[in-house]
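Let me begin by presenting the structure, written as structure tokens, before commenting on it.
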Amino acid sequence: MNTIKTKNILPESVNTPSRFRNPIGKYLVKRNSRCAACGLCAELCPYGVHIKPEGYSRPLPPRSHLCIGTACAGNDFYCVKRCPNQALSVNLNPTLQALGDYRWTPEMLIGHWHMAETGELPRVDLEYSLGSSGGGFDKMRFRIPDAADYLDINDEDIDTSLNLNRRGDGRPQKVLSLPCYGGGMSFGSTALPVIVGRARAATRLNTMTCTGEGGYPPEFLPYAEHVVTQVATGLFGVREETIQNAPVVEFKYAQGAKPGLGGHLLGDKVTPEVAAIRETVVGSSLFSPFPFHSVYSVEDHKKHVDWIKEINPRALVSIKVSTPSDADMVAVGSYYAGAHIIHFDGSYGGTGAAPDIAKKNIAMPIEYAIPRIHRFLKEEGIRDQVCLMASGGIRNAMDAAKAIALGADGVVIGTADLVALDCIRCGKCESGRGCARGIASTDPELGYMINEEYAEQRIVNMYLAWRKQWCQLLRQYGLRSMKELVGRSDLLVNMDYLDEAERSKYPEAPKNKLVI
Amino acid sequence: MPKKYHIETKAAPPRFLAVGKFSTVEFREDCAGSCRQCVKKKCVYNVYKDSYQHVITMDEPEFLYICQSCFRCVQECTKGIFSPVINPEYTLMGDEYWQPEIINQTWFQAHTGRIPVSGAGYRGLFSGAGFDAMWTDMSEIVRPTRDGIHGREYISTSIELSRKPMRLIFDKEGNLPVSLPEIVEIPLPVILQPPAFGVLSQKELLAMAGAAQKLHTLMLIDAKDYSSSFTGFDGTMVPRLDAANYKEYVDIICKSRMVEMVDSSGIEREFATLRGFKPGLLISVGLPLDASAASRALELTGTGVDVLHFYAEDNGRETGSSNPRTLRDMIREIHRKLVDGKVRPTVNLLFSGGIAMAEHMAKAVICGADGVVVDIPMLIALECRLCGRCKRGESCPVDIGDIYVAWGVQRIVNLIGAWHNQLLEVMGACGIREVRRLRGEVGRALFLEDLERESFAPIFGQRKVPCG
């Protein structure tokens, strides 16, 4: 069996703490005035919650986000029990009440911040693979594995690569080291250091990121082999040279967060730099048309694909569409038009700005689209010749694995990259100065709260942690390669389709009642 | 070219500070006081500065209503003295169905007239009951009417309220022997009616009537509430009458375009008398959305009725049932019954109760309604918090009975204007140019049950937990 040794390809994780001085954790450790600064807690805690630097008279404030919480009570190093002055307490962090939502629960956010900081899976009892949405991926579990299937091999011996060109048409074989790449995020919707940081991370991870509809800033050039150029309906910043730069060109017909509508960039975010690259007017809202006004049929669509192929003879072509009821027919049409990658963006996908009515109500969630497209392409006998990518509400490593088991070859990730950069999903990215946390902002001050190195390493760390989860999963089922997981829906169960007795064998998703 | 329908919106700020979702608790005793890096001064949204202004003018208690919960103060304070919380007042608004989020978004729309737009993906539950268990479809690349946001001026949202004959019959000379009913159109699939609670003064009714007039739609009103104040709104008002009392209101009937009769046995026998008072009068029959609604609809269709208006509970559920079905399923049942009876085109169906958001309007039409009747959202547009105090005879926290009528008109117009724009968004995505073509067009929708059956059943087998 062909396996790819990834040991030398994947980068190392480097501890990269949050940009903010008070990181948020599941537990809150408090030290009260009874503390005599004896330093015992700092000596005891193996997780680095308590620190008393040499020469300091008092310990630093507890680093609560590293605390494993009440699960520590049984340990002989449990600080609360050992403190001679009973000065320490550990409680659930009340902040969690105001954090997260049904899809990205507080624990999922905290879990991903931890991965982005350390490159490791969290030690704290966090449910970071299941949300509280009550449907879709949150209802699916991987079947309880048979112990006899377990494959005792190292992570380095497990192949997580993804081949983007399966057409055998003489164009390059583009192989990524991970079964995922970064979704389109434009300069304008997101800060420049963020998107350049993503490109740097993609280069180190041997995967890709995408320009989105905001043009191709020159800062991308050093990483050009890992940057997809998006050609969207507004054609902002699309030029011959930006097509020629790209190993993959993506036609964005539609986006999951606003299917059937064009891109939105509200006027406040159109700064002089953004306007220059998009060749438009400062402060003017940019609503892209829907769809391409030059495409009225599959034949017109093929003309587009041919045009790109002519301009860049080495480019692979990706078609990004949303998930209408006839998604399967769209997939077949795109294949016959010459696409290498068919990318479906489901209706609960991320966005920099979209009407709320569109986010929730238009087109089907990706969980429903993947199996029907996979099945239809198989029936048409062309499944092995296309790379089927899924996105839209794929939040974590297990969602990605479930999407692959349902039939996708790989997934496209957007929101999780931003969560790695300390996004809390407050949803205020769309207007004014944009994101208060400096991620989805082009404000001269906020847009530079992040530097490229930080963005790069946090994203690299998160994907390294995801890869650990994937390797763990594949080993359990005796699989050596992520490709073997594609379409293995027999490894999945859905809680709503199980008898009560069967259901009780699987972990329940958190049932938080949230105020959204 | 005929004039396009356009709803003029204009900012109408709230009279009271809106109840915000987030607040921040400070443990001030832990404040260093002299760190000189106070995060309060750096707040991107100026929450602390504005809050301070409120305190010094003694306007409101010190709550950080406009906090957007970006957590920067929480995470950057050198002493970590801030803790974010959900404003308890926010959670107390509304109920299980009319959730705080709906109320908050309705206020925003009534204030600005704009569509709610936000960043990041959808944040809610995967699906739910009724309208939350369906998605509208979209056209990708190969369908004709695909104008998106730029083609909105070509999308028609007008519906007819007048009954239609199934076919034209001519006499031997080729003339129509009967006169056809006049075609009456409204420019959007919405009419208004005052809710059953919260109307504390005639000012509110006048604001609602004024908005209906400005929107070129209609407003239902109980005949007993139809006072001389509504002179000037005659073409807009639709008096609600019953078989026992309608003869007392002949003067009102004569100046109305349409009346609504409360359903009762043999109500159709009164239609001739009504049209005797005013020839060409449009007649609606109001009936409960209960188990017999579909069969009663079939009985009434063809009796000369123009509109059937079904009343659901305020939470969008069937009335008079211990296991009430949702508006989604009830509309589909009634529509289907009339389609099977081959009479659907002859009558118009309106539904009220639980129409809370713009998406409900679009989805109700897809399920088979011609239009919807909006009630409680108008009250929310006038700043109602659905606290329920008025139902208990207590005072209204926002003095809703004391509004300026012109302000109230603008708030309601703004809300419906934003809803209309959202309907255009959905129709643009659907690739449908006329809302009349959207009626009953379930091929432009995806239903949870169908998706589960088609996508999941081949993988997971038989579903053990019912959908919704």
Taking the stretch A:28-45 as the search range and keeping residues that are in a loop (DSSP other than H, G, I, E, B) and open to solvent by 80 Å² or more (accessible area, probe 1.4 Å), which one is farthest from A:Arg82 (Cα to Cα)?
-> A:Ser33
If you check A:Leu421, A:Leu406, which single one turns out to be open to solvent by less than 10 Å² (accessible area, probe 1.4 Å) and either at the interface with chain B (Cβ under 8 Å from one of its Cβ atoms) or of a type outside the set (A, V, I, L, M, F, W, C) (or both)?
-> A:Leu406
Only one of these is of a type in the set (Val, Ile, Thr), in a helix (DSSP H, G or I) and open to solvent by 10 Å² or more (accessible area, probe 1.4 Å): B:Val426, B:Val409. Name it.
-> B:Val409
Taking A:Gly393, is it in contact with an Asp or Glu (Cβ under 7 Å, 6 or more places away or on another chain), in a loop (DSSP other than H, G, I, E, B) and within 30 Å of A:Thr16 (Cα to Cα)?
-> no
Inside the stretch B:85-141, the number of residues satisfying the requirement of being open to solvent by 10 Å² or more (accessible area, probe 1.4 Å), among the small types (Gly, Ala, Ser), more than 10 Å from every other protein chain (Cβ to nearest Cβ) and farther than 25 Å from B:Cys367 by Cα is 1
Here the residues within the stretch A:295-328 that are within 16 Å of A:His343 (Cα to Cα), open to solvent by 10 Å² or more (accessible area, probe 1.4 Å) and part of a loop (DSSP other than H, G, I, E, B) are A:Ser325, A:Asp326
Candidate set from the stretch A:272-294 (those that are within 14 Å of another protein chain (Cβ to nearest Cβ) and not in a loop (DSSP other than H, G, I, E, B)); member that is most open to solvent (accessible area, probe 1.4 Å) = A:Phe287
What are the pairs, 6+ residues apart or on separate chains, where a residue within the stretch A:491-516 that is more than 11 Å from chain B (Cβ to nearest Cβ) has its Cβ under 8 Å from a residue that is loosely packed, with under 15 Cβ neighbours inside 10 Å?
-> A:Lys505/A:Ile144; A:Tyr506/A:Ile144
Going through the stretch B:415-456 one residue at a time, which ones are among the β-branched types (Val, Ile, Thr) and either more than 9 Å from chain A (Cβ to nearest Cβ) or without any contact (Cβ under 8 Å) to a residue 60 or more places away in the chain (or both)?
-> B:Ile416, B:Ile432, B:Val435, B:Val442
Hey, B:Ser83 part of a helix (DSSP H, G or I) and among the hydroxyl-bearing types (Ser, Thr, Tyr) or not = no
Filter the helices (runs of 4 or more DSSP H) completely within the stretch B:303-381 down to those with at least 1 residues that are among the small types (Gly, Ala, Ser), buried (at least 22 other Cβ atoms within 10 Å of the Cβ) and under 16 Å from the mean Cα position of the chain (by Cα).
-> B:358-367, B:376-381
Residues of the stretch A:349-403 being open to solvent by less than 10 Å² (accessible area, probe 1.4 Å), without any contact (Cβ under 8 Å) to a residue 40 or more places away in the chain and facing another protein chain (nearest Cβ under 7 Å), which ones?
-> A:Ile357, A:Asn361
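What about B:Val74, is it crowded, with 20+ Cβ neighbours inside 10 Å and aliphatic (A, V, I, L, M)?
On the way: crowded, with 20+ Cβ neighbours inside 10 Å: yes; aliphatic (A, V, I, L, M): yes.
Judged against the criteria, B:Val74 is a match.
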Matching residues, the stretch A:192-213, being among the polar types (S, T, N, Q), part of a loop (DSSP other than H, G, I, E, B) and farther than 21 Å from A:Arg278 by Cα | A:Asn206, A:Thr207
Residue that is nearest to A:Pro94 (Cα to Cα) [pool: residues in the stretch A:124-142 that are among the charged types (D, E, K, R) and crowded, with 16+ Cβ neighbours inside 10 Å] | A:Glu127
Just to be sure, is A:Asn2 at pLDDT below 95 and within 20 Å of A:Gly69 (Cα to Cα)?
-> no
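The values are calculated or read from the model by the stated rules, or taken from the named source; none is laboratory data. Model, not experiment: these values are computed from the prediction. Virtual Cβ from ideal backbone geometry, glycine too; neighbours counted across all protein chains shown. For accessibility, only protein heavy atoms count, side chains too; no ligands or nucleic acids. Shrake-Rupley method; radii C 1.70, N 1.55, O 1.52, S 1.80 Å.
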